[in-house]
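Asker: The structure follows.
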Amino acid sequence: MTDYILETRELTKIYGDGVEIRALDGVDLQIAPGEVVAIVGPSGSGKSTLLNLIGALDRPSSGEVIINGSSLSKVRNIDLFRGQTIGFIFQTHNLIPTLTARENVEVPMHELRMSSGERRARAQELLELVGLGTRASALPNQMSGGQRQRVAIARALANRPAIVLADEPTGNLDSKTTADIIKLLQDLNRSQGVTMLLVTHNSEVAAAAQRIITIRDGKILRDVRIDDELERELIEFKSSALGQAVLHGINVPAELSPHAGRLRELLEQV
Ligand SMILES: Nc1ncnc2c1ncn2[C@@H]1O[C@H](COP(=O)(O)OP(=O)(O)OP(=O)(O)O)[C@@H](O)[C@H]1O
Ligand SMILES: [Mg+2]
């Protein structure tokens, strides 16, 4: 038995037949149950590819994904396995425009043996969990961007997945709504023990994770556990204008300059 809920071994994805693109290049990863992991890295570095392979939305060129000890390549009914194990949240929420919030949340439940009454009750419960209990009958275009994203989160949780994969879950949202979504995801992790992998460009989202994996050119460049609050704050500071000034030694305010050297050292470590 393994202690990990999710592992990848030498996971590789090569696109293209003429010119090869190594989107993912031998990634070894171990994720423990209940971890919240942020995946960061430049555009084109392979973040979405990694998530798609883990979620069995795409197949690796070589290497394997192991979930709860089973290699995905050996799972017979991959659609069923995915539906029962994994919840997806995308940047664009992908709600069905002609269905109400509640009906959208019910969509993944159609794969399971549930009566319509059970589906309805579960969807209502999930909408309440994300603070939308009173908007169950609203259509997507009658809701704000943040509300739509919360419906998408409720939908991702419909089948009680052990793992939630989110690709830029706050990508289109303003900073207040982003903060609300971060809090919601953290609460879900604490109350339901859901393991989460969040691809993000947003430093606040990354700082909310317990671990930050940086991907570059299809490889893991860094894998950092954020053990304490100071480290978390430093990571947030690093991405601010002031943090960047200190890090690069450009336009450092006079009151900070006596400490700039030490501060830069700290920022280089996170
Ligand atoms: N279906 C595809 N066919 C060919 N190449 C692809 C395909 N999907 C992704 N790629 C390439 O694989 C590499 C990794 O792409 P990926 O989408 O994983 O990057 P990303 O880190 O998610 O970037 P972003 O931050 O812009 O979303 C890129 O070079 C991309 O052009
Ligand atoms: Mg991407």
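The values are calculated or read from the model by the stated rules, or taken from the named source; none is laboratory data. Just so it is clear, the model here is predicted, and its values are computed rather than measured. Glycine gets a Cβ as well: all are built from the backbone with ideal geometry, and neighbour counts include every protein chain shown. Ligands, DNA and RNA are stripped out before the accessible areas are found, and what is left, the full protein with its side chains, is counted by its heavy atoms. Shrake-Rupley method; radii C 1.70, N 1.55, O 1.52, S 1.80 Å.
Asker: Go through GLU106, GLU111 for me and flag whichever is in the same structural domain as GLN30 (by TED's automatic domain parsing), within 22 Å of GLN192 (Cβ to Cβ) and open to solvent by 50 Å² or more (accessible area, probe 1.4 Å). Lay out the reasoning, then the answer.
Answerer: Numbers: GLU106 fails: open to solvent by 50 Å² or more (accessible area, probe 1.4 Å).
Matching residue, one of GLU106, GLU111: GLU111.
Asker: Spot the failing condition for ALA38; the list is (1) touching a strand residue (DSSP E or B) at 6+ places or on another chain (Cβ under 8 Å); (2) closer than 25 Å to ALA158 by Cβ; (3) not aromatic (Phe, Trp, Tyr); (4) not in a strand (DSSP E or B), and only one is missed.
Answerer: (4)
Asker: Could I ask something else about it? Test of understanding: among ALA179, ALA138, ALA162, which residue is small (Gly, Ala, Ser) and within 20 Å of GLY83 (Cβ to Cβ)? Even if it seems obvious, please write down each step before you answer.
Answerer: Working: ALA179 fails: within 20 Å of GLY83 (Cβ to Cβ); ALA138 fails: within 20 Å of GLY83 (Cβ to Cβ).
None of the others qualify; the one that does is ALA162.
Asker: Here's something else I'd like to know. Looking at segment 153-270, what helices (runs of 4 or more DSSP H) fall wholly within it and have at least 3 residues that are touching a residue at least 12 places away in the same chain (Cβ under 8 Å) and open to solvent by less than 10 Å² (accessible area, probe 1.4 Å)?
Answerer: Numbers: elements: 175-192, 203-208, 229-238, 241-248, 260-269.
The qualifying helices (runs of 4 or more DSSP H) are 175-192, 203-208.
Asker: Here is a further query. Would you mention how many residues in segment 59-76 are surrounded by fewer than 14 Cβ atoms within 10 Å (Cβ to Cβ) and out of contact with any Gly (no Cβ under 9 Å at 6 or more places or on another chain)? Working first, answer last.
Answerer: Let us first name the residues in segment 59-76 that are surrounded by fewer than 14 Cβ atoms within 10 Å (Cβ to Cβ), namely 59, 62, 69-71, 73-74, 76.
Checking which are out of contact with any Gly (no Cβ under 9 Å at 6 or more places or on another chain) leaves us with 59, 69-71, 73-74, 76.
Residues in segment 59-76 being surrounded by fewer than 14 Cβ atoms within 10 Å (Cβ to Cβ) and out of contact with any Gly (no Cβ under 9 Å at 6 or more places or on another chain): 7 in total.
Asker: Quick one: in segment 1-57, of everything that is touching a residue at least 24 places away in the same chain (Cβ under 8 Å) and among the hydroxyl-bearing types (Ser, Thr, Tyr), which residue is most open to solvent (accessible area, probe 1.4 Å)?
Answerer: Checked segment 1-57; the qualifying residue most open to solvent (accessible area, probe 1.4 Å) is TYR4.
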